[in-house]
1. Does Val87 satisfy being touching a helix residue (DSSP H, G or I) at 6+ places or on another chain (Cβ under 7 Å), near the ligand (Cβ under 9 Å from one of its atoms) and modelled with pLDDT of 90 or more?
2. Cβ contacts < 8 Å: first residue touching a residue at least 60 places away in the same chain (Cβ under 8 Å) and more than 24 Å from Ser15 (Cβ to Cβ), restricted to the stretch 82-94; second residue polar (S, T, N, Q) and more than 7 Å from the ligand (Cβ to nearest atom), any location; separation 6+ or different chain. Result?
3. I'm checking my understanding of the structure. Among residues of the stretch 53-74 that are part of a helix (DSSP H, G or I) and free of Cβ contacts under 8 Å to residues at least 60 places away in the same chain, which one is farthest from the ligand (Cβ to nearest atom)?
4. Conditions first: (1) more than 16 Å from the ligand (Cβ to nearest atom); (2) surrounded by fewer than 17 Cβ atoms within 10 Å (Cβ to Cβ). Val35 passes all but one, so which condition is the exception?
5. For the stretch 14-30, state whether one or more residues are more than 10 Å from the ligand (Cβ to nearest atom), of a type in the set (Asp, Glu) and part of a strand (DSSP E or B).
6. Out of Val25, Val68, Val75, Val63, I need the residue that is touching a strand residue (DSSP E or B) at 6+ places or on another chain (Cβ under 6 Å), aliphatic (A, V, I, L, M) and surrounded by 14 or more Cβ atoms within 10 Å (Cβ to Cβ). Which one?
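The values are calculated or read from the model by the stated rules, or taken from the named source; none is laboratory data. Model, not experiment: these values are computed from the prediction. Glycine gets a Cβ as well: all are built from the backbone with ideal geometry, and neighbour counts include every protein chain shown.
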Amino acid sequence: MDDLEFKFEVEIIQSEERKRIDKEVKKHLAAAGLVDPSGKLKIKGVSPKMLKRMKQEHVECPVMDRNVQFLQCFVCANFQSRVNGRVLCKGDPL
Ligand code: SF4
């Protein structure tokens, strides 16, 4: 077993519509080095097809108590890992 500490296992929900990444989230993604100079999202080891899918995913965040795009969740300080369609979330107050 690994020793990741997490409080919540949050299900990742796939939706039909592809939401725009909001500006705030894009800033965080850029700060994490996940946006290329042309402004396109680029995550090492993640194929364009997978990225497209990720843009359609969201989670019901138990900490903020609202719907959050998966990409926002991915750059959240509480994000630990993605395992079998679930996010392992530290659950600390944000
Ligand atoms: S990692 Fe962040 S955004 Fe994702 S479920 Fe946890 S608190 Fe919410």
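1. It is true that Val87 is touching a helix residue (DSSP H, G or I) at 6+ places or on another chain (Cβ under 7 Å), near the ligand (Cβ under 9 Å from one of its atoms) and modelled with pLDDT of 90 or more.
2. Lys90/Gln80
3. The residue in question is Arg53.
4. All conditions are met except number (2).
5. Checked against the condition, which is being more than 10 Å from the ligand (Cβ to nearest atom), of a type in the set (Asp, Glu) and part of a strand (DSSP E or B), the stretch 14-30 yields no hits at all.
6. From the options Val25, Val68, Val75, Val63, the qualifying one is Val68.
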